[in-house]
Each structure stands twice: as C-alpha cells, then as structure tokens.
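Asker: Next up is a structure, given as structure tokens.
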Amino acid sequence: MTRAAQPLPLPESPPLPLEGITVVSLEQAVAAPFATRQLADLGARVIKVERTGGGDFARRYDTSVHGQASYFVWLNRSKESLSLDLKSEAGQEILHELLAGADVFVQNLAPGAAARMGLGADELQARYPCLIPCTVSGYGTSGSWRDRKAYDLLVQCQTGLLSITGTPEEPARVGISVADIAAGMYAYSGILTALYTRATTGRAPAVEVSLFEALAEWMSQPAYYTRYGGTQPPRVGAQHATIAPYGPFTASDGKDVLLSIQNEREWNALCGQVLGDPALAADPRFATGADRVAHRDALNAIVSARFAELGSEEAMAQLDKAGIANAGVNSIPEFLDHPVLTERDRWRDIRIPGSPAPVQALLPPADLSGVSPRMDPVPAAGQHTEAILTTLGHSRADIDRLRAEDVIDIPGPERTDPEQGAAAQ
C-alpha cells in the first residue's frame, strides 16, 4: 500500500530588510511622511505621533479617496498612529518611553518647535546615543532663514523653479509637491545611510534635510547653465529649453505626441523618414543642436505642419520606425490605465479608514529580488494608541486616566486592527 504524498511545507517569507527597526515620527504634511512611509515599505515599524483632536492636518487636505485625503492615503500606509498631546508632561513622558527603544526619530515640525520641546538633534543624541535623529526643515536649522516657514510652492519660488516652468507669458507651479518629495527622498536615503553607518561603526549620525537644499540640488543643471552660460533657460511650456525639437506636437486627430531629438542621427532620421525632407537636415538654420534651438519657432512650424497630416497612432509608428523616442501626452486617467503598470502587476489593494472597499496603491518603484514590500492599511487618527501604550507597560487604569485628561485620543469604533497592531510589528 503506497503512502499518500505529503504536501511540502510552504517556504517562509524572508524578513523585510528593515524588520526590527523602529521609527518614531512627529510628522505632518508631505516631506517627512514620504520618508517614513518608504521605511515602512521595507518593514520598519513606524509610529506616527499625531496631535490630539484630529491628527495630521494632511488628513483634511481633501476627501477624494472614499472620504480620505489623497495625500494622506498616499503617504501613510503601513504605519501605526499614536494620538498624543505633547504639550502635556505626561505626553512628553510617553514620547520619551518610545524614543528609549527607537532607532530613528523623524520630525518636520514648525521651525524651532522640536528644540523648544527638548527634541533637538544634539539633545536627543546626548540622551539616546544609538538614536538617529532626522530633521526635515524648510531652509535648514542655521542661517538667517532658519525660522521662516516653508511650503512647497514657496520653495519652488525661492529656488527659481517657477522662473523656468510655464509659458513665456506666465510661470507655472510644478503639478506635484516637488520640493516636499525631494526632501522626503533625501531624508529617506539619509536615514538608510545613517542606519548603515551605525551598523558598521557604532556611530549614529544625525540627518538633516531642508526642502530648499533638496530642490536646489535638483535645480543644478539650470544653475550651471545660467552661471556659466550667461543667461537662464527660458520658459518654453512643454518644450525643452535647451534641445529642439523636443516637445509635443498635435496630430490630425487632436492628440498631442511628444518627440525628442537627442543627436544628429535622430535629427537626420526625423528629416528623412518622418518629415519626408532629407535636405532639411543640412539647412543652415538647423545644422546643429544650438542652431535648432535658436530657430525653434521655424523648426516647430515645419514639424507641426507634418503632424497635422498624420493621426497620432501613425505619427508614433513612424517615429518608432525611425528610432526616435516619442510618447502620447497622457491624461491622468490614461496614466492609471497604462500598460506598464498593468502588465508589470504594479497595483496592490490597501485598506483605508472608514471604507469597506480597498483602494489601489502602486508598489514602491525600487524592486528588491525576493522582497515583497509591506502594503498595510492607512491608520485612523490614534488607531494604535491603546495598543502602543499597552506594549509600553501602561495599565488599563493608566490609559483611562490619560484619556480622561486629554493626553491621548482613542477612536471608538476603529481601534487597533489585529493585523496591524503594535505587538505584531
């Protein structure tokens, strides 16, 4: 009698790279939450300390995602929310209980607010030598601008980004919070570097990132162009300021198609295979890249006339055949349905507060082989307060007292999700 085959045990999922790392964050808006969400993606336990009476004000930026703010849903999945009044002595004591066992502390409070609470980097490092403090500020913590408030659009203005974005007639804000995102990315990479430094040397360096200096780095190319070229790049709408032809052209069906000419081979191919005029490549007005930029208007008129004879699909097919990079100018709905996202399985369902239906979120863009990033729920304000205090050793009576004294908020119907509780991290 043959013995029935036994099922092989399922392989255990490997631990995420940052499992065992605890991050405590006094964060709001975009920059710091973006940094800590990326740490949470990699398995770090992120405890988001929110003010009592409503939490992070970014929760109320809009209500477009089943009643939740689009910014907040994007930036705060996989975190625990602790609602705490840090103006109270008891609230401060709880925060320090957390910091005593934390690896990283992140804050992007108003200028000087952290220092006034005794949470400056120097003070924290003296008290907790293994803690990595990360400060995200507007203009840095020194210099005459250290006390100025800085929001994304203000920083876009101060770095000169608006002066090169838009049409010749009018500047335009970049359509995303680019200064916040830049600062969040540098805070994230700075924290990872500090964790590596601590692991290899035992030293826990403090990290400081400002919105201004993060976006200043991204402005380096136009800065070099201006300092050494004598004039800043012009505002040319969706065209490229220093390369031509490089921009959108309207096909006969009304769809805009963007093409990019990067070198002389592509310029010759465009003239001969798409524009149908090989001799145009030798026209003195367009003989070099600098010539084409100088005579952009005349060149754009020639390309536009040809595109008016072609449907968008035909135009892109001809550009593809000629080896010229091109793309349709998509709307947001077209982006959401992009084949790259669907064919590469980039969407995941996540849960958000107050909605029985999940929402779709994109996987983080950096794929690590053998690693599936965390895509856990977005927390309600204060959702994990009770569980976090319990793991810190606070009794039921103590928690009830703190709640009665308004030191903490504990939401009624939405307490800790058992799949995302503090003890499970």
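The values are calculated or read from the model by the stated rules, or taken from the named source; none is laboratory data. These figures come from a predicted structure and were not determined experimentally. So basically every Cβ, Gly included, is an ideal-geometry build from the backbone, and we count neighbours across all protein chains shown.
Asker: In segment 219-260, what residues are under 20 Å from MET316 (Cα atoms) and in contact with a Pro (Cβ under 7 Å, 6 or more places away or on another chain)?
Answerer: Within segment 219-260, ALA238, ASP256, VAL257, LEU258, LEU259 qualify.
Asker: Just the residues that are surrounded by 15 or more Cβ atoms within 10 Å (Cβ to Cβ) and not in a helix (DSSP H, G or I), please, taken from segment 325-346.
Answerer: Scanning segment 325-346 gives ASN326, GLY328, VAL329, ARG346.
Asker: Is one or more of the residues making up segment 203-211 assigned to a helix (DSSP H, G or I), assigned by TED's automatic domain parsing to the domain that holds PRO33 and surrounded by 19 or more Cβ atoms within 10 Å (Cβ to Cβ)?
Answerer: Within segment 203-211 (the criterion being assigned to a helix (DSSP H, G or I), assigned by TED's automatic domain parsing to the domain that holds PRO33 and surrounded by 19 or more Cβ atoms within 10 Å (Cβ to Cβ)), the answer is yes, since at least one residue qualifies.
Asker: Before we move on, is VAL257 buried (at least 16 other Cβ atoms within 10 Å of the Cβ), of a type in the set (Val, Ile, Thr) and under 30 Å from PRO129 (Cβ atoms)? Talk me through it step by step, then tell me what you get.
Answerer: On the way: buried (at least 16 other Cβ atoms within 10 Å of the Cβ): yes; of a type in the set (Val, Ile, Thr): yes; under 30 Å from PRO129 (Cβ atoms): no.
In short, no.
Asker: Moving on. Pairs only if they're at least six apart or on different chains, beta carbon under 9 angstrom, first in segment 181-194 and over 15 Å from ASP152 (Cα atoms), second among the hydroxyl-bearing types (Ser, Thr, Tyr) and in a helix (DSSP H, G or I); list them, first residue then second.
Answerer: Here the result reads ALA187/THR36; TYR188/THR36; ILE191/THR36, each pair linking segment 181-194 to a residue that is among the hydroxyl-bearing types (Ser, Thr, Tyr) and in a helix (DSSP H, G or I).
Asker: Follow-up. Taking ALA69 as the residue in question, decide whether it is in the same structural domain as ALA182 (by TED's automatic domain parsing), without any contact (Cβ under 8 Å) to a residue 60 or more places away in the chain and either closer than 24 Å to THR391 by Cβ or of a type in the set (A, V, I, L, M, F, W, C) (or both). Steps first, answer last, please.
Answerer: Numbers: in the same structural domain as ALA182 (by TED's automatic domain parsing): yes; without any contact (Cβ under 8 Å) to a residue 60 or more places away in the chain: yes; either closer than 24 Å to THR391 by Cβ or of a type in the set (A, V, I, L, M, F, W, C) (or both): yes.
So ALA69 passes the test.
Here's the yes/no breakdown for (1) under 22 Å from GLN38 (Cβ atoms); (2) surrounded by 22 or more Cβ atoms within 10 Å (Cβ to Cβ):
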site: ARG77; (1), (2): yes, yes
site: SER88; (1), (2): no, no
site: ILE94; (1), (2): no, yes
site: GLU97; (1), (2): no, no
site: PHE105; (1), (2): yes, yes
site: GLY112; (1), (2): no, no
site: GLU123; (1), (2): no, no
site: LYS149; (1), (2): no, no
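Asker: Shifting gears a bit: So, in segment 45-67, of the ones that are touching a Lys or Arg at 6+ places or on another chain (Cβ under 8 Å) and at pLDDT 95 or above, which residue ends up farthest from PRO17 (Cα to Cα)? Don't jump to the end; show me each part of the working.
Answerer: Keep residues of segment 45-67 that are touching a Lys or Arg at 6+ places or on another chain (Cβ under 8 Å), which gives 46-48, 54, 56.
Those still in the list that are at pLDDT 95 or above too: 46-48.
Details: VAL46: 14, ILE47: 18, LYS48: 20 Å.
Result: LYS48.
Table: residues versus (1) crowded, with 19+ Cβ neighbours inside 10 Å; (2) of a type outside the set (D, E, K, R).
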| site | (1), (2) |
| --- | --- |
| TYR225 | no, yes |
| GLY276 | no, yes |
| LEU280 | no, yes |
| PRO284 | no, yes |
| ASP297 | no, no |
| ASN300 | no, yes |
| LEU310 | yes, yes |
| GLY323 | no, yes |
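Asker: Moving to a separate point now. Just name the residue that is nearest to THR391 (Cα to Cα) out of those in segment 83-95 that are in contact (Cβ under 8 Å) with a residue 24 or more places away in the chain and either not assigned by TED's automatic domain parsing to the domain that holds MET117 or not in a loop (DSSP other than H, G, I, E, B) (or both).
Answerer: Kept after step one, since they are in contact (Cβ under 8 Å) with a residue 24 or more places away in the chain, are these residues of segment 83-95: 83-86, 88, 90-92, 94-95.
Next cut, either not assigned by TED's automatic domain parsing to the domain that holds MET117 or not in a loop (DSSP other than H, G, I, E, B) (or both) only: 83-84, 90-92, 94-95.
On the way: SER83: 15, LEU84: 16, ALA90: 17, GLY91: 16, GLN92: 17, ILE94: 12, LEU95: 13 Å.
Per the criteria, the residue is ILE94.
Asker: In segment 393-406, how many are surrounded by fewer than 15 Cβ atoms within 10 Å (Cβ to Cβ) and under 16 Å from GLU89 (Cβ atoms)?
Answerer: 5
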